[in-house]
Amino acid sequence: MDYKEEIARELAANTIVVYGKGTKTAPRCGFTLETIEFFNHFGYPFEVIDVLENMPKREALSAMTDWPTLPKVFIKGKFYGDTDILGPMAESGELQTTLADAFGGTAVQKETIDLRQ
Amino acid sequence: MIDNGSLTQLIRTRIPDAEVGVVDRTGTMDHFNVTVRSKAFAGKTLIEQHQLVYGALREALADGRVHAVELKTITAEE
């Protein structure tokens with residue numbers, strides 16, 4: 001099975017993809033839950049893909065990103081690490097711009113406006 | 001599991017000048033808060049800085065000695 005192709009398809013189909021442990025409704029790792037809560041705050045749609053039990057896919061993802069841990073976040077196909085990266089980006093306002101661009105400038109959330117002021 | 005000193009040493013194998021702060025978050029010696037300060041981070045993006053640290057921890061993460069890391073990197077001034 002070629003996981004690279006599967007991953008490429010998933011990244012093409014969803015603007016925000018979180019590869020994590022567990023699902024949106026049943027996260028099985030504190031960091032995955034934290035990441036779900038983080039993106040809930042922004043209000044844009046995002047996809048959580050559970051790779052907990054899929055070691056070959058996890059290895060393919062780690063090799064692709066040079067990043068050994070889960071969760072792994074992609075926005076418009078680009079790797080953004082985890083909330084250790086996204087948190088500071090949100091504080092500086094960079095993430096709000098990235099998300100607004102990724103979603104074509106639509107659906108700008110109230111939080112975004114507040115953080116920019 | 002791994003003790004704070006060994007974790008610091010692992011990071012210094014890749015980043016010799018690293019000042020490393022380690023906090024065991026759960027008391028189980030496998031979930032850590034790690035802060036790394038180094039000149040090696042200068043000119044690198046946040047992702048590249050974290051990739052540098054994770055490069056040093058790859059084996060420890062793969063074999064389960066370290067389960068989870070909350071990482072913070074700081075660029076040391078010249």
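FYI, it's all coordinate maths here, none of it is from the lab. Quick caveat, the model's predicted, so the values are computed rather than measured. Glycine also receives a Cβ, built like all others from the backbone with ideal geometry; neighbour counts cover every protein chain displayed.
Okay, residues lined up against (1) within 20 Å of B:Val53 (Cβ to Cβ); (2) within 14 Å of chain B (Cβ to nearest Cβ); (3) aromatic (Phe, Trp, Tyr):
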position: A:Phe42; (1), (2), (3): no, no, yes
position: A:Pro45; (1), (2), (3): no, no, no
position: A:Met64; (1), (2), (3): yes, yes, no
position: A:Ala90; (1), (2), (3): no, yes, no
Among the residues of the stretch A:22-41, how many are more than 21 Å from B:Ile47 (Cα to Cα) and in contact (Cβ under 8 Å) with a residue 40 or more places away in the chain?
2
For B:Thr75, state whether it is in contact with a helix residue (DSSP H, G or I) (Cβ under 8 Å, 6 or more places away or on another chain), among the polar types (S, T, N, Q), touching a residue at least 24 places away in the same chain (Cβ under 8 Å) and closer than 21 Å to A:Asp82 by Cα.
yes
Pairs where the first residue, in the stretch B:42-61, is touching a residue at least 12 places away in the same chain (Cβ under 8 Å) and more than 7 Å from chain A (Cβ to nearest Cβ) and the second is of a type in the set (Ser, Thr, Tyr) and not in a helix (DSSP H, G or I), C-beta under 7 Å, 6+ apart:
B:Ala42/B:Thr75; B:Gln49/B:Thr73; B:Val53/B:Thr73
When you check A:Met64 against the structure, is it farther than 23 Å from B:Thr26 by Cβ, of a type in the set (A, V, I, L, M, F, W, C) and free of Cβ contacts under 8 Å to residues at least 24 places away in the same chain, yes or no?
no
Would you point out the residue of the stretch B:13-34, among those that are touching a helix residue (DSSP H, G or I) at 6+ places or on another chain (Cβ under 9 Å) and more than 17 Å from B:Thr75 (Cβ to Cβ), that is surrounded by the most Cβ atoms within 10 Å (Cβ to Cβ)?
B:Phe32
